[in-house]
1. Search the stretch 281-304 for residues that are free of Cβ contacts under 8 Å to residues at least 40 places away in the same chain and pair each with any residue that is surrounded by fewer than 16 Cβ atoms within 10 Å (Cβ to Cβ) when their beta-carbon atoms are under 7 Å apart and the residues are at least 6 apart or on different chains.
2. If you check Leu353 against the conditions, is it modelled with pLDDT under 90, within 24 Å of Asp240 (Cα to Cα), outside any loop (DSSP other than H, G, I, E, B) and within 33 Å of the chain's Cα centre (by Cα)?
3. Quick one: would you say Pro243 is farther than 25 Å from Asn362 by Cα, of a type outside the set (S, T, N, Q) and touching a strand residue (DSSP E or B) at 6+ places or on another chain (Cβ under 9 Å)?
4. At least 2 residues that are without any contact (Cβ under 8 Å) to a residue 12 or more places away in the chain and under 23 Å from the mean Cα position of the chain (by Cα) in each: list the helices (runs of 4 or more DSSP H) lying fully within the stretch 150-239 that qualify.
5. Mind listing whichever residues of the stretch 262-287 are small (Gly, Ala, Ser) and surrounded by 15 or more Cβ atoms within 10 Å (Cβ to Cβ)?
6. Say whether the condition of being assigned by TED's automatic domain parsing to the domain that holds Lys117, assigned to a helix (DSSP H, G or I) and crowded, with 18+ Cβ neighbours inside 10 Å is met by at least one residue in the stretch 42-52.
Amino acid sequence: MNHSGSIPELTNLNWAGVLGQETAIEVLSQLILSNKIPHAFIFKGDEGVGKYNLAIQFAINVNSFYLPERADYISSQILSLTEPYIKYVMPLPKGKGEVESHGPLEKLNLEELQELKSELEKKIKNPFYKISLERANVIKINSIRDIGKFLAMNYSDVKFRFIIISEAHLMNEYSQNSLLKNLEEPPEGVIFILLTPYPELLKETIRSRCWSINLKPLANEHIIEILTKYFQVNESIAKDVSPFSDGSVTKALELIENDFQGMKDKTISFLRYSLGGKYNSAFNEINKFLTENDSDSIKLLIKMIISWMNDVLKNRLNLNDYYFESHKETIIKFNSRFADTDINSVIKKIDYLSSTIRNNVNLNTICYNLVFELASLTHRF
């Protein structure tokens, strides 16, 4: 998309609202400054790394750069998801008696519409909020067809219009084919942004028409900042959970909601029993855990055990920044007694155990092996 007219002298783009995506920011900034902005993008990255927030800030920066005299007004419209500046498309429930000829909201009942309004208000207030609507597991074809109606309307006084499609991989084949028609010849000034962790689920013909922008997992300090600023999470809890979040705000929140501190305590208890050779207690602990949790929780438990062992390695190298900072004395004590144990070998074996979970290997067998691998650090068999 080559915008006519001279490039404004203002080159101070503002990305203050975006955390931890320096490479993506650099690419998008260069596109804005070049006066050649593509008409379609795919923002790809894990859930909870800020794809939506980056899309909103990109839309604001484009308008602020080319229309500085209207920047404040347009920014407020974008932040509130107001058409025609932003059209936001997302998975929606199917209404009773709904067919493709209906509008995307036409057959939703009052309760569903109120829930949608409430969720959108939360998203507008907090760009990292994950919208949750019951039965909203697909992007309906009538939502995509509604884009065509939006594009057909004449907004000659609006220089840029952004269409943000959240969870774009949830378009079925019919929806993707419908979108493809819009991508082929969009009106001047229209920019599509597809957000997804799974770009491979989009048709190649769609991907080939879009610039791909990769988002990285967030650093721990950015997870902490987002949790405390946007979700009012206690800072100490945010610091505790961030190393286990895989750089995802969504994952961090799920951990907090599923009693992360309790999981951490269980990890320490299980480690003490296993390392201390108290096999019955260790087996009882893990069996109780199995009855109360699913396979994903077992993976998390193993990940936390590996994190504890990485702390042991850090201590041997006189490094700080522990995962289990509150149990630092236990780590030091372990190293004073078992300084020559081959931690790396056990980490590899336990990591392998975790990888077998997705192959439906018996969880009891995995957990028993886990106990014996940990016990091998302090006991010879």
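1. Listed pairs, sorted by first residue: Glu285/Ser269.
2. Values: modelled with pLDDT under 90: yes; within 24 Å of Asp240 (Cα to Cα): no; outside any loop (DSSP other than H, G, I, E, B): yes; within 33 Å of the chain's Cα centre (by Cα): yes.
For Leu353, the condition - modelled with pLDDT under 90, within 24 Å of Asp240 (Cα to Cα), outside any loop (DSSP other than H, G, I, E, B) and within 33 Å of the chain's Cα centre (by Cα) - is not met.
3. On the way: farther than 25 Å from Asn362 by Cα: yes; of a type outside the set (S, T, N, Q): yes; touching a strand residue (DSSP E or B) at 6+ places or on another chain (Cβ under 9 Å): no.
No, not satisfied.
4. Details: elements: 173-184, 204-207, 220-230.
Because the criterion is at least 2 residues that are without any contact (Cβ under 8 Å) to a residue 12 or more places away in the chain and under 23 Å from the mean Cα position of the chain (by Cα), the helices (runs of 4 or more DSSP H) in the stretch 150-239 that meet it are 220-230.
5. Going residue by residue through the stretch 262-287, those that are small (Gly, Ala, Ser) are 262, 269, 274, 276-277, 281-282.
Matches in the stretch 262-287: Ser274, Ser281, Ala282.
6. Let us first name the residues in the stretch 42-52 that are assigned by TED's automatic domain parsing to the domain that holds Lys117, namely 42-52.
From what is left, the residues that are assigned to a helix (DSSP H, G or I) are 51-52.
Narrowing further to those that are crowded, with 18+ Cβ neighbours inside 10 Å: 51-52.
Yes.
The values are calculated or read from the model by the stated rules, or taken from the named source; none is laboratory data. Worth saying up front: this structure is predicted, and the values here are computed from it rather than measured. All Cβ positions, glycine included, derive from the backbone under ideal geometry; neighbour counts span all protein chains shown.
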